[in-house]
Amino acid sequence: MRWIALGLIFSACGLAGALLSRALQVRVRELEALLRLLSTLRTQMQFSRAPLEPMLSQACGQGQTPAFLPVCIAAMRAGAAFPAAWRESAAHGFGLRPEDRQLLLSLGELLGATDAEGQREGLLLHEELCRDLLEDARKRKESRGRSFFTLGILSGLTVVILFM
């Protein structure tokens, strides 16, 4: 019975380290998807100037979009106005940090608020800000990702040794 408990403690510590490492990977993936979305929206505004909901739906249909976007589109199809649907879905974050969510919220205020040229310029600014956040997230993932996993395993081993 004691060995089972020690095995569970070891597994829990290892899993905690793996989850922390995974959270860093999810943030990088979400920011990469957001950067692709921004580029797609800017291109569509420049050439097609389609309404906002079809542009978002098309971007979502292409795959590899941020996790909040399908939630936003579903809320818009259910009758919610774009700004409210965007705010509600972006507030949950899906693996993003507060500064990432702040970028999403400012993007939601930009989309549909000005003419196409103003939105394109705003999207360029948001792309640069997203690139900066992505670079920071990649650095964090590289420096801390393996460390969290290793720390979880080592702390589990330490607890097992202490209780043996």
Helix-only CD estimate at 222 nm, as mean residue ellipticity for the chain, using -39500 (n - 2.57) per DSSP H run (n ≥ 4): -29500 deg cm²/dmol
Quick check: residue separation of Asp132 and Ala80 times 0.36 nm, minus the Cα distance between them. What number comes out in nm? 15.6 nm
Residues of the chain: accessible area per residue at 1.4 Å, in Å²? 57 Å²
Could you calculate the contour length gain from Ala116 to Glu99, that is, 0.36 nm times the residue separation minus the distance between their Cα atoms, to one decimal place in nm? 3.5 nm
Column: log10 I(q)/I(0), Debye, Cα scatterers of region 1-133, q = 0.12, 0.15, 0.16, 0.19 Å⁻¹: -0.51, -0.71, -0.78, -1.05
Taking the Cβ-Cβ separation of Leu154 and Val26 as r and a Förster radius of 30 Å, what is the calculated FRET efficiency to the nearest 0.05? 0.80
Which shape class applies to region 36-85: rounded if a/c is under 1.5, otherwise prolate when a/b exceeds b/c and oblate if not, where a ≥ b ≥ c are the square roots of the Cα gyration tensor eigenvalues? oblate
Can you work out ³J(HN,Hα) from phi for every residue in region 21-34, in order, using Karplus 6.51 cos²θ - 1.76 cosθ + 1.60 and θ = phi - 60°, giving whole Hz and x for Gly and Pro? 5, 5, 4, 5, 5, 5, 4, 4, 4, 5, 5, 5, 5, 5
How big is the Kirkwood radius of region 71-164, worked out from every pair of different alpha carbons and given in Å to one decimal? 16.2 Å
Enter the Cα centre distance for the pair region 14-75 and region 83-152, rounded to the nearest angstrom. 10 Å
Counting only protein heavy atoms and using a 1.4 Å probe, what share of the accessible area of the chain belongs to carbon plus sulfur, as a whole percent? 62 percent
May I ask you to compute the full-extension gain from Met164 to Ala12, defined as 0.36 nm times their residue separation minus their alpha-carbon distance, rounded to one decimal in nm? 53.0 nm
If you take the beta carbon distance between Arg49 and Glu109 as r and set R0 to 30 Å, what does 1/(1 + (r/R0)^6) give as a FRET efficiency, to the nearest 0.05? 0.90
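The values are calculated or read from the model by the stated rules, or taken from the named source; none is laboratory data. Computed from a predicted structure; not experimentally measured. With ideal geometry, Cβ positions are generated from the backbone for all residues, glycine too; neighbour counts draw on all protein chains shown. SASA here: full protein model, heavy atoms, side chains in, ligands and nucleic acids out. Shrake-Rupley method; radii C 1.70, N 1.55, O 1.52, S 1.80 Å.
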